[in-house]
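Chemist: Okay, handing you the structure first.
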Amino acid sequence: ALMMVLKAGATSTLDIIPGIKQRLIATKDQLPGQLRANLLGAQSISVRGAIAGVAFEGVLAAALTSIMILLFLGSWRSTLIIAISIPLSVFGAIICLSAVGETLNIMTLGGLALAVGILVDDATVTIENINYHLEHGMEVEPAILEGARQIATPAFVTLLCICIVFVPMFFLTGVSRFLFVPMALSVMFAMTWSFILSRTLVPTMAKYLLHPHPHDENGNPLPPPESRNPLVLFQRAFEKRFERVRDVYHGLLQMALGHRKVFVIGFLGFVGVSFLLVPFLGRNFFPSVDTGQILIHVRTQIGTRVEETANKLADIQKVIRQVIPSDKIETMADNIGMPISGINLTYNNTGASGPQDGDIQIKLKEDHKPTEEYVRE
């Protein structure tokens, strides 16, 4: 027997699934000992996978940005400022999503994951520009005010350019609007908060954490003091090698400007050749999350009796158990024929239209190998 549970209203899927599990535990003593009740196809796995994806993207962005700041600026203080601004931008976006009635779901979390990679830019550029003025002899507060003022307009224009990309989604209708407007809002809110924090929090923290760089009486920067700190030595060695790379790039840039026609033709040719990779690109309506669940739709010949369809699906299940080891299958059930009511048919998206149709639902145990490999086999 299959029982479908549908959520109503704005209740979170993550709240409903534990409640169902508690009900199963509470009623277990009242059921016959031979009856086994399992969850099949819990959607909370997808939501938790999306949350884990956003968390991973956030940590990865913070780590890579921190490494970049440490290598190029050699300042753990600047690194700390940027690392703090990343989660605050995400939290600000969540507050705005809640204010407009959105929830944390696959699309809003996907939007936040998309924004994490670019919301570090505002804070990074602000800190880098402040350090530029500190290196040229300015005191901390004037360096902060001048550095923030210089990038205010470019950062705001960048914010508008990113947000404008998502404006067409608000003109969609139907299912497309329902799906993609929350994602657009997530990105736009996160980017807006990133810009606000780069105007407020980042300069304020810079005021308390950054220090003026040593200079001589004429305002020229003094050479850095000797240090035996391995991290400092590594950063200085990296800086010297990066200067060489920048000199090489400068030469290549001059060569490209001196041979503009050749460069443009070569560049366009490279872009054209890159389209050969299109057949190898994956195409998904939703990002794939390995939930350990497989749904197979089976259709026999039109007019097949439900008993014969059941025999066919039994044979298919035997083949499935040859592909997937039995100790990796937690539950496998088939649902054959027409649903028992029109209401159930409303929520059936597999195309079951008569006794010749059947759905096989498989739930794998947690230690299974990638679900996509089983599906491919």
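Chemist: To the nearest 20 debye, what charge dipole does region 1-127 have about its Cα centre, counting +1 at the Cβ of each Lys and Arg and -1 at the Cβ of each Asp and Glu?
Modeler: Working: 7 positive and 6 negative charges, 113 e Å.
Dipole about the Cα centre, nearest 20: 540 debye.
Chemist: Return the subset of LYS28/LYS365; LYS240/LYS261; LYS7/LYS312; LYS21/LYS328; LYS21/LYS312; LYS312/LYS363 for which the Cα-Cα distance in this structure is over 23 Å, preserving the input order. Show your work: numbers first, answer last.
Modeler: Working: LYS28/LYS365 21 Å; LYS240/LYS261 34 Å; LYS7/LYS312 33 Å; LYS21/LYS328 21 Å; LYS21/LYS312 33 Å; LYS312/LYS363 20 Å.
Long pairs (Cα-Cα over 23 Å): LYS240/LYS261; LYS7/LYS312; LYS21/LYS312.
Chemist: Now a separate question. As I understand it, the dipole of region 1-64 uses +1 on the Cβ of Lys and Arg and -1 on the Cβ of Asp and Glu, about the Cα centre. Which of LEU40, LEU2, GLY53 lies farthest toward its positive end?
Modeler: Positive-end residue among those listed: LEU2.
Chemist: Enumerate the amide H contacts of GLU330 below 5 Å, restricted to partners 5 or more residues apart or on another chain; note that Pro and chain-start residues carry no placed amide H.
Modeler: Distant-sequence amide H within range of GLU330: LYS363, LEU364, LYS365.
Chemist: Around VAL120, with a cut-off of 14 angstrom between Cβ atoms, what is the net charge of the other residues, counting Lys and Arg +1 and Asp and Glu -1?
Modeler: Details: positive: none; negative: GLU57, ASP121, ASP122, GLU128.
Charge balance in the 14 Å sphere: -4.
Chemist: Name the helices (complete DSSP H segments) of the chain with a Cα length along the long axis of 18 Å or more and a Kyte-Doolittle mean of at least -1.0, or state none. It would help to have the intermediate numbers written out before the result.
Modeler: Working: long enough: 13-27 (21 Å, 0.57); 44-73 (43 Å, 1.85); 76-99 (35 Å, 1.75); 106-135 (45 Å, 0.94); 140-166 (38 Å, 1.47); 174-199 (38 Å, 1.28); 230-258 (42 Å, -0.03); 260-274 (21 Å, 1.54); 306-323 (26 Å, -0.28).
Taking the DSSP H segments of the chain (at least 18 Å long, mean hydropathy at least -1.0), we get 13-27, 44-73, 76-99, 106-135, 140-166, 174-199, 230-258, 260-274, 306-323.
Chemist: Mind telling me which of LEU253, LEU119, LEU160 comes out most flexible in a GNM of the chain, alpha-carbon contacts under 10 Å?
Modeler: Highest fluctuation among the options: LEU253.
Chemist: Using a simple charge model, +1 on the beta-carbon of Lys and Arg, -1 on the beta-carbon of Asp and Glu, nothing else, what dipole does region 45-216 show about its Cα centre, in debye to the nearest 20? Don't skip to the end; give the middle numbers.
Modeler: Numbers: 6 positive and 10 negative charges, 114 e Å.
The calculation lands at about 540 debye.
Chemist: Sticking with this one: When the accessible area of the chain is split by element with a 1.4 Å probe, what percent falls to carbon and sulfur?
Modeler: Carbon plus sulfur share of accessible area: 64 percent.
Chemist: Magnitude of the Cβ-charge dipole of the chain, K/R +1 and D/E -1, about the Cα centre, nearest 20 debye?
Modeler: Details: 30 positive and 31 negative charges, 134 e Å.
Using Cβ point charges on Lys, Arg, Asp and Glu, the chain gives about 640 debye.
Chemist: What trypsin sites (Lys or Arg not before Pro) does region 11-56 have in DSSP loop regions with at most 12 other beta carbons within 10 Å?
Modeler: Details: sites: LYS21, ARG23, LYS28, ARG36, ARG48; in loops: ARG36.
Listed in order of number, the matching sites are ARG36.
Chemist: Right, another one. Sum up the charges of everything whose Cβ sits under 13 Å from the Cβ of ALA50, counting Lys and Arg as +1 and Asp and Glu as -1, but leave ALA50 out. Could you put the intermediate results ahead of the total?
Modeler: Numbers: positive: ARG48; negative: GLU57, ASP290.
Value of the local net charge: -1.
Chemist: With unit charges on the beta carbon (Lys/Arg positive, Asp/Glu negative), name the residue among TYR132, VAL120, PHE170 whose Cα is farthest towards the positive pole of the charge dipole of the chain.
Modeler: Farthest along the dipole direction, towards plus: PHE170.
Chemist: How about region 127-228: which GluC sites (Glu not before Pro) there lie in a loop by DSSP and see at most 11 other Cβ atoms within 10 Å?
Modeler: Working: sites: GLU128, GLU135, GLU139, GLU146, GLU217, GLU226; in loops: GLU139, GLU217, GLU226.
Within region 127-228, the qualifying GluC sites (Glu not before Pro) (loop, at most 11 other Cβ atoms within 10 Å) are GLU139, GLU217, GLU226.
Chemist: Something else now. Could you compute the FRET efficiency for LYS240 and ARG48, with r as their C-beta to C-beta distance and R0 at 35 Å, rounded to 0.05? Let's see the in-between values first.
Modeler: Working: r = 46 Å, r/R0 = 1.32.
FRET efficiency, LYS240 to ARG48: 0.15.
Chemist: When the helix-only estimate is applied to the chain (DSSP H runs of n ≥ 4, each -39,500 (n - 2.57), divided by the residue count), what is the mean residue ellipticity at 222 nm, nearest 500 deg cm²/dmol?
Modeler: Values: 12 runs with 234 residues, N = 377.
Only helices count here, giving -21500 deg cm²/dmol.
Chemist: Given a 1.4 Å probe, how much area per residue of the chain is accessible, in Å²?
Modeler: 66
Chemist: Ok, one more. Mind telling me which of GLY358, GLY117, GLY49 comes out most flexible in a GNM of the chain, alpha-carbon contacts under 10 Å?
Modeler: GLY358
Chemist: Specify the longest stretch of the chain that does not include any exposed loop site, a site being one of the chymotrypsin sites (Phe, Trp or Tyr not before Pro) with a non-H, G, I, E, B DSSP assignment and at most 10 other Cβ atoms within 10 Å. Intermediate results must be reported in sequence, preceding the final value.
Modeler: Details: sites that count: PHE285, TYR347.
Of all site-free stretches, the longest is 1-284.
Chemist: For P(r) over Cα pairs in 20 Å bins from 0, in percent, pick the label among (1) 19, 41, 28, 11, 1; (2) 18, 46, 30, 6, 0; (3) 23, 47, 23, 6, 0 that corresponds to the value derived from the coordinates.
Modeler: Calculated P(r) over Cα pairs in 20 Å bins from 0, in percent: the matching label is (1).
The values are calculated or read from the model by the stated rules, or taken from the named source; none is laboratory data. Note that the structure is a prediction, hence the values are computed from the model and not measured. A quick note on method: Cβ atoms are made from the backbone with ideal geometry, for glycine too, and the neighbour counts reach across all protein chains shown. With ligands, DNA and RNA removed, areas are computed over all heavy atoms of the protein, side chains included. Shrake-Rupley method; radii C 1.70, N 1.55, O 1.52, S 1.80 Å.
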